[in-house]
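Everything on this sheet refers to the single structure shown next.
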Amino acid sequence: AFPKRVKVVEVGPRDGLQNEKNVVPTPVKINLINMLSETGLQVIEATSFVSPKWVPQMADHTEVMQGINKLPGISYPVLTPNLRGFQAAVAAGAKEVSIFGAASELFTKKNINCSIEESLERFDEVMTAARAASIPVRGYVSCVLGCPYEGKISAAKVAEVSKKMYSMGCYEISLGDTIGIGTPGSMKEMLTAVMKEVPVGALAVHCHDTYGQALANILVALQMGVSVVDASVAGLGGCPYARGASGNVATEDLVYMLNGLGIHTGVDLQKLMDTGTFICNALNRRSNSKVSQACCRL
Amino acid sequence: QESQASGLPEYIKIVEVGPRDGLQNEKVIVPTDIKIELINRLSRTGLPAIEVTSFVSSKWVPQMADHKEVMRGIERHPGVQYPVLTPNLQGFHSAIAAGATEVSVFGAASESFSKMNINCSIEESIEKFEEVAKSARNMNIPVRGYVSCALGCPYEGNIIPAKVAEVSKRLYSMGCYEISLGDTIGVGTPGSMKRMLEAVMKEIPLSALAVHCHDTYGQALANILTAIQMGVTVVDSSVAGLGGCPYAKGATGNVATEDVLYMLNGLGINTGVNLYRVMEAGNFICTALNKKTNSKVAQASFSTGTTN
């Protein structure tokens, strides 16, 4: 049986734009988030308080955070890789933050130049500060179904890292198939292991569609009781590990499937498609959403 | 076995429809020798069935005008079936004369679609197919039946599962060994797939069912997964996702064989098909058509030069 309701976490403005080649002007980012706020989405990841040296696309994080309309009932989490980023985020008005771990040592080394253990120590500082400020923290685990450097990732490792982040105080753990190589088989195996350590109500899946498997993987996760799914409007965000390949699953395609299953999301698909059209025009690119392609006769 | 432990089938038969359904819905007319080369390459991948062409009037389907030449020109690998479409008795005789050893007939679960597509009612089309089935039976030629619009119709919208079951039953009763249920415009989701299959499974044995999913709304793999979870063991797909959707300009159509194989491989389900060789065949035809592949697996693999 499927969950009756699914919370869709929109990551387009952060994960999506971060992996788009063209740098998007601040007013466009703000308008994108404002339009998303009108669709019924309850969670919209707004930006990342990371050094602009590393992620130029997110250099305007303070302006974006301060410029968006923050509608009541909607959460606007931001990424905070360390204490400094956390403090900047709170100063800019953030009320929820996210931290990014990984189930792969090599990926962690290449991505943030330290071991998994060291990254969790950095996050501990953020957790302490967040607790003191009553700021909820969402934890991400990358490479849960495979790593671009290590290849296969054991389900036990994913469970171990998830458990640590949950124990540290993350209210939700988003399990990311970072390079989209997972299939329903590996998704099931991984979730079975993680669900032994973290309650299913605290789990989310973050599937990439690089190999076209995302919706099938999400379907399996839903069948196992997961009720939080990350997605990106218009499927924004390519894959940095496979040039020309797609990345995030498109929110429109996800909502289409959930609607067909009779699962409540609260999201207005038409408004979502309109938002996708807006950002694709601004980026001068085609939408990666098949629903959008089918509906908007080219 | 990984797949058995999860309650999934051990083996799935892939029916490759790229050379027929795929090319029929491509704008560019493909030269005969390219079609033959594509089919020959597909024959070397391990695919057990490759739908080769359609013995329909070239007036209606110019892309398939060279049906005789293609049928006569391809290599016939042992263990591989090469079905062809035959809309009526005339097409059937022409197919047999050209060397066909298996044929397909195309019904629909929607009256409007039947009228618009082949200019007759469902009942009238069934009568035509019965003629084909009778001749086929006399000659020991297997017949596969397709039911279009199984999850929705471009004209009627919603299609009730009972209607799909009814048409499927008629085709099965007349002697079709397999019924391929087609989500012609790709509007189905796992919910409607499940309801439709539940109705059809009351009338047709599971082992005689196939699903033919279009990826127009990105739902194909999720729908196929649902079908195989319910015990369906035959899946239609098209190399490189050839074949757009004639009802939604610019939208995609058939699900890509490579993407289906990737999923089935990941599930530990045996297909006998070599994914890499299918990708190479896909690369060949896309180059010939001067178009990008619709297969995400191919897009991801050719950019990094690696496969998983």
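In table form, for the structure just shown:
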read-out	value
Least to most buried among A:264, B:77 (fewest other Cβ within 10 Å first)	A:264, B:77
Euclidean distance of C-alpha centroids, the stretch B:209-258 and the stretch A:1-66, integer Å	32 Å
Under DSSP loop assignment and at most 13 Cβ neighbours within 10 Å, longest GluC sites (Glu not before Pro)-free interval of chain B	B:76-308
FRET efficiency, residue B:270 to residue B:101 (Cβ-Cβ, R0 22 Å, nearest 0.05)	0.30
Three semi-axes of the equivalent ellipsoid, the protein assembly as shown, Cα gyration tensor, whole Å, largest first	46, 23, 22
Pairs beyond 25 Å (Cα-Cα), from A:29/A:95; B:13/B:35; B:13/B:169; A:4/B:296	A:4/B:296
Residue-count net charge about residue B:284 - beta-carbon cut-off 11 Å; Lys, Arg +1, Asp, Glu -1	0
Entries of A:196/B:202; A:188/A:271; A:21/A:70; A:110/B:292 with Cα pairs more than 30 Å apart	A:196/B:202; A:188/A:271; A:110/B:292
Proxy reagent accessibility, fewest Cβ within 10 Å first, across B:189, A:265, A:277, A:128	A:128, A:277, A:265, B:189
Ranking of A:152, B:13, B:296, B:59 by count of other Cβ atoms within 10 Å, fewest first	B:59, A:152, B:13, B:296
Set of the stretch A:101-119 residues, backbone N closer than 19 Å to the point 7 Å along the Cα-Cβ line of residue A:154	A:102-109, A:115-118
All-pairs Cα distance distribution in the stretch B:13-300, expressed in whole percent, bin size 10 Å	7, 32, 40, 21, 1
Centroid-to-centroid separation of the stretch A:150-206 and the stretch B:153-197 [C-alpha atoms, Å]	37 Å
Dipole magnitude of the stretch A:7-295, debye to nearest 20 (Cβ charges: Lys/Arg +1, Asp/Glu -1, about Cα centre)	240 debye
Global form of the stretch A:7-295, assessed from the alpha-carbon gyration tensor, a/c cut-off 1.5	rounded
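Read-outs throughout are calculated quantities, based only on the coordinates presented, and are distinct from any laboratory measurement. None of these values were measured; they are calculated from a predicted model. Every residue, glycine among them, receives a Cβ derived from its backbone with ideal geometry; neighbour counts consider all protein chains shown.
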